[in-house]
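Student: There's a structure below that I have some questions on.
What follows is calculated from the coordinates using simple rules that are stated; it is not laboratory data. Keep in mind that this is a model prediction, so the values were computed, not measured. Please note: Cβ atoms are built from the backbone with ideal geometry, for glycine as well, and neighbour counts cover all protein chains shown.
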């Protein structure tokens, strides 16, 4: 029996490769998002610590310059947090974009795999018909040989 060879196998392989690449891109984007979220969390923790220090220093004798310095640093941390929030949102959009891309690649691959499967089914059907015709012909020949004329 002949082996099945799909004429568009290279396209199936390409679609599979594109899906794998999309998975890697999504994975990378998720890693960037997690790093940005961790950085944001660290900035918020640092701000909270400095806010506590400022609150504690209000009960102690601290120079005005130190209080101003603390306030300026808190404002700096606020601007860093605002900037980091923008980075996090951008990373989230990138993750969503990569998820959408992966979904598209998965659909493409699935379409081509289904087409391959249908072609394989048609091939099997044709081969079964050929095999059945050969068996029928052999039976006919045997019958003719076994029946005396």
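Student: Output the residue which, of all residues in the stretch 71-83 that are in contact (Cβ under 8 Å) with a residue 12 or more places away in the chain and closer than 11 Å to residue 47 by Cβ, is surrounded by the most Cβ atoms within 10 Å (Cβ to Cβ).
Tutor: In this case the residue turns out to be 77.
Student: Moving to a separate point now. Kindly indicate which of 46, 120 is touching a residue at least 12 places away in the same chain (Cβ under 8 Å), closer than 30 Å to residue 133 by Cα and surrounded by 11 or more Cβ atoms within 10 Å (Cβ to Cβ).
Tutor: 120
Student: I'd like to know if the stretch 52-63 contains one or more residues that are touching a helix residue (DSSP H, G or I) at 6+ places or on another chain (Cβ under 8 Å) and in contact (Cβ under 8 Å) with a residue 24 or more places away in the chain.
Tutor: no
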